[in-house]
1. Is one or more of the residues making up the stretch 83-96 exposed (fewer than 13 other Cβ atoms within 10 Å of the Cβ) and in a helix (DSSP H, G or I)?
2. Select from the stretch 20-60 the residues that are part of a strand (DSSP E or B) and surrounded by fewer than 23 Cβ atoms within 10 Å (Cβ to Cβ) and list them in ascending order.
3. Residues to consider are 200, 213; find the one that is modelled with pLDDT of 90 or more and more than 18 Å from residue 42 (Cβ to Cβ).
4. Kindly provide the set of residues from the stretch 180-195 that are more than 16 Å from the chain's Cα centre (by Cα) and more than 18 Å from residue 22 (Cβ to Cβ), ordered by number.
5. Considering only residues of the stretch 167-186 that are farther than 24 Å from residue 216 by Cβ and touching a strand residue (DSSP E or B) at 6+ places or on another chain (Cβ under 7 Å), which is surrounded by the fewest Cβ atoms within 10 Å (Cβ to Cβ)?
6. Against the condition among the polar types (S, T, N, Q), surrounded by 13 or more Cβ atoms within 10 Å (Cβ to Cβ) and in a strand (DSSP E or B), how does residue 7 come out, does it pass?
7. Filter the stretch 1-40 for residues that are of a type in the set (Gly, Ala, Ser), touching a residue at least 12 places away in the same chain (Cβ under 8 Å) and out of contact with any helix residue (DSSP H, G or I) (no Cβ under 7 Å at 6 or more places or on another chain) and give the result.
8. From (1) at pLDDT 95 or above; (2) of a type outside the set (A, V, I, L, M); (3) assigned to a strand (DSSP E or B), pick out the condition that doesn't hold for residue 73.
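The values are calculated or read from the model by the stated rules, or taken from the named source; none is laboratory data. Owing to the predicted nature of the structure, the values given are computational and were not obtained by experimental measurement. Here the Cβ is made from the backbone with ideal geometry for all residues, glycine too, and neighbour counts use every protein chain on show.
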Amino acid sequence: MACSTYTVMMEIAGDTAMWTRPDTGDCPVSLPAPTYSAVKAIFESILLGFKSLVRPTKVELCAPLHYHSYHTNYGGPLRQAKSITEGNSYQLLATVLIDVCYRLYAEVSIAHGNYSISEKTKQWDKKTTSPAHAYQDIFNRRLKRGQCYAIPFLGWKEFTPSYFGVFRESTRVQSDITTRIPSMVREVFSGGYNSQPLYTYDQDVVIANGVLTFATKDGEHDQ
């Protein structure tokens, strides 16, 4: 029997974004649009539902592509042992996007599998006959109110949005943007929630007239 799906959509904008190209090494360069997993994470930052599977379908680019050099001092655990011992930071150079705006789309269906969820979530799930439909309703209410499960971000956590919410009338798709991306990370945790890292990629991705449409892959995250 076919599974019912429900559409969710939102707009997000910000001063800076970084959708990292994995082939750019320790001086990362941003892709022109968010990856599948980044879009999924943005939706789930508004509402995280373990019984609802969010599948991103497309991204509309609603601002011109402007790249900018970005420098920051990294002081995290990925530094060399000597740098950590001596308290030295690592200067990171990146090429980011500035003044971005996107319209994001996804389909929501029922997720199958066993998940580590709270007792409160289990009780809510028992009372819900259509988790995907409930997700859509609750998501839309939260989006209109500006509520979120966690603050959404534009690739890197320090790049918080200047706006996230329903579509704005003034926003327009940049139909003059057409480009091809040879390889684009799809997901890191492709086995679903609480799985081990398993990188998957989309090949030969096309942004046509300002629209990136994600490929459909059957069975993704259904376990």
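1. yes
2. If the condition is that a residue be part of a strand (DSSP E or B) and surrounded by fewer than 23 Cβ atoms within 10 Å (Cβ to Cβ), then 20, 29, 55, 57, 58 are the ones that fit.
3. 200
4. If the condition is that a residue be more than 16 Å from the chain's Cα centre (by Cα) and more than 18 Å from residue 22 (Cβ to Cβ), then 191, 194, 195 are the ones that fit.
5. Step by step, filter the stretch 167-186, then rank; the result is 168.
6. No; evaluated as a whole, the condition is false for this residue.
7. Those that are of a type in the set (Gly, Ala, Ser), touching a residue at least 12 places away in the same chain (Cβ under 8 Å) and out of contact with any helix residue (DSSP H, G or I) (no Cβ under 7 Å at 6 or more places or on another chain): 13, 14, 17, 30, 33, 37, 38.
8. All conditions are met except number (1).
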